[in-house]
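Structure record follows, encoded as structure tokens.
The values are calculated or read from the model by the stated rules, or taken from the named source; none is laboratory data. For clarity, every value in this text was computed on a predicted model and none was experimentally measured. Cβ coordinates were reconstructed from backbone atoms using ideal geometry, including for glycine residues, and neighbour counts include every protein chain displayed. In case anyone asks, the SASA skips ligands and DNA or RNA and just uses the protein heavy atoms, side chains included. Shrake-Rupley method; radii C 1.70, N 1.55, O 1.52, S 1.80 Å.
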Amino acid sequence: MTYAIGLTGGIGSGKTTVANLFAAHGIAIIDTDAIAHGITAPGGAAMPAIRRTFGDAFVAPDGSLDRARMRELVFADNDAKARLEAITHPLIRTECERAAADASGPYLIFVVPLLVESGTWRERVQRILVVDCPEETQIARVMARNQFSREQVLAIMARQATRAQRLAVADDVVDNDTQHAALTSRVDHLHAHYLKLSENAGGQ
Ligand code: ATP
């Protein structure tokens, strides 16, 4: 099995930005958020079970998940959240493994926003890479990007692991409270490190 890095970080920390820099080295990026989006798009693999479990009211006219409505429900109802995840998580995992089997290259990267919160993901990867920045930086970025209020960003952050919890399980950290040039050189360095590690591990 190809050597796998799990890339994680809080909302707005810069996971996508960092993943793109690894992709520029030709490394396969498997993004669990993109996969989650795909299985709840029109005709997506999760949609029949979502319709059966939650009813037509949660399916948009085009056959995709009514995201706003579902977000509202699961925010208020932990049981509904568990039922949704029981549908989506196994499908996401299957899609990830399919993508991993198709990937070529010395190692691959799974981008998993809630990796620290998930025991199974932590077991799946050889190494955990945390993209880190101060909470105030996360808040400012997400407010600017999504036009969210400070309170909205804080509410999302409250449902994620803390910065300290993520750093406690990190094998490697990318400090992303920085300029782009510094970020690029940090990723270049990590890429060289992962090439060596994957070679030593007998990766393809
Ligand atoms: P999410 O958890 O919401 O998916 P993410 O962790 O993938 O976010 P990005 O989308 O990479 O984070 O970055 C969040 C925002 O901050 C984007 O608008 C991005 O352009 C900006 N950003 C990321 N890194 C930097 C940086 N080093 N300097 C300035 N802006 C940055």
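Can you confirm whether Gly105 is open to solvent by less than 80 Å² (accessible area, probe 1.4 Å), in contact with a strand residue (DSSP E or B) (Cβ under 9 Å, 6 or more places away or on another chain) and at pLDDT below 95?
Working: open to solvent by less than 80 Å² (accessible area, probe 1.4 Å): yes; in contact with a strand residue (DSSP E or B) (Cβ under 9 Å, 6 or more places away or on another chain): yes; at pLDDT below 95: yes.
When the stated conditions are applied, Gly105 passes them.
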Please find, within the range 3-27, the residue that is farthest from the ligand (Cβ to nearest atom) out of those that are out of contact with any Gly (no Cβ under 6 Å at 6 or more places or on another chain) and β-branched (Val, Ile, Thr). Ile5
Candidates Leu65, Leu114, Leu73, Leu84 - the one that is under 30 Å from Thr178 (Cβ atoms) and in contact (Cβ under 8 Å) with a residue 12 or more places away in the chain: Leu114
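Find the residue count for the range 115-134, including only residues that are exposed (fewer than 15 other Cβ atoms within 10 Å of the Cβ) and near the ligand (Cβ under 10 Å from one of its atoms).
Qualifying residue count, the range 115-134: 0.
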Among the residues of the range 75-84, is there at least one that is surrounded by fewer than 19 Cβ atoms within 10 Å (Cβ to Cβ) and farther than 24 Å from Ala158 by Cα? no
Residues satisfying the stated conditions in the range 12-58, i.e. open to solvent by 70 Å² or more (accessible area, probe 1.4 Å) and among the acidic types (Asp, Glu): Asp33, Asp56
